[in-house]
Every structure is written in C-alpha cells, then in structure tokens.
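A.B. asks: So that we are looking at the same thing, I have put the structure below in structure tokens.
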Amino acid sequence: MEQSYQISWYAPNFINMCIDNINDGELSGRIYHCYSKEPWKFTNILQLIELADDFFDRLEFPQASTSARSFTSTQFSGVDRLDKVQSPEDFIENRGQKGTFFLNVRYRQNSSWQGSVTWVEEQREQHFRSALELLKLIDGALDNNYEVRIEE
C-alpha cells in the first residue's frame, strides 16, 4: 500500500485510532498500538483521552511537562510498564467503520498534547497544538470537513 504522507511508525507511542461509531456526536471505537495484541476499546471522547494519556504516562513518552492534579493517585510503578508485543505492521491495517487516524503525540506541554494526526482514508496529515484541536480535526474529518481553521 503506497502512502503519500509521513508516518512515524516506530515512535514508541504511535497509535492507530479506529472510529467505529458516532452516536449523538459521541465517538466510540478502538485503539491499537505495539504494546497489546488486543485493541483498547473506548465508548466516548473522555475515555479515549484518558486511555491515551495513561498510555503516554506508562510509556513515559512523551514526558508530561506538568502533573495533573487528581483526587486519586495515578502514579505507575515499574510493574505497570509496557513491553512491545508486536510491530506497527501488525496493527496499522486495522480500519474503523467511520474513520481511521494515525496519532503521533510529540509533546505534552501546557497540560495538553501537540503532534500530528493522519486521516488514513484521505491520506491527509494535520498538525495540532492541543487535545481540543485534535478532537476538532477528527470531528471535522468525520463530517467531511477536515480543514479546521484556527485563529492565530
């Protein structure tokens, strides 16, 4: 499969995000990565963000520049560390029923994420400066309006 966009396949935190359902504007689907042969399922946006952020915390990559405050402890021990069990080639072919996005978070600064997202079906990559901007890009793609204009 020839692709016209750059994919950071071997970034330790590379995620294949498959969106299977949109119900009243709420997304649900699966997350694939190198550290599990089974997908991590999410049923809403908040769960997606929490799964991914916990994933980054467990990998310690990208390193968070701030610590989130919480009512409970979210510290991970060495036992919680993840080991690779497959290569990206094993999971990048999975597709969502509504859309598929390759996510590469490069930084976690200002209590948010910065990186790039690739909309697989349209072979288009867009950079984002926050988790909110990422969600707007995905929502726009699923509404067939991928270009989101951000006021500078």
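The values are calculated or read from the model by the stated rules, or taken from the named source; none is laboratory data. For clarity, every value in this text was computed on a predicted model and none was experimentally measured. Because the Cβ atoms are built from the backbone with ideal geometry, glycine has one as well, and the counts that use them run over all protein chains shown.
A.B. asks: Any idea which residue in the range 15-68 is farthest from S87 (Cα to Cα), counting only those that are among the polar types (S, T, N, Q) and part of a strand (DSSP E or B)?
C.D. replies: N23
A.B. asks: Output the residues belonging to the range 31-60 that are in contact (Cβ under 8 Å) with a residue 24 or more places away in the chain, closer than 13 Å to V105 by Cβ and more than 13 Å from the chain's Cα centre (by Cα).
C.D. replies: L59 - this is the single residue of the range 31-60 that is in contact (Cβ under 8 Å) with a residue 24 or more places away in the chain, closer than 13 Å to V105 by Cβ and more than 13 Å from the chain's Cα centre (by Cα).
Residue by residue, here is whether (1) buried (at least 16 other Cβ atoms within 10 Å of the Cβ); (2) at pLDDT 95 or above holds:
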{"site": "F102", "(1), (2)": "yes, yes"}
{"site": "V105", "(1), (2)": "yes, yes"}
{"site": "V117", "(1), (2)": "yes, yes"}
{"site": "H127", "(1), (2)": "no, yes"}
{"site": "D143", "(1), (2)": "no, no"}
{"site": "R149", "(1), (2)": "no, no"}
{"site": "E152", "(1), (2)": "no, no"}
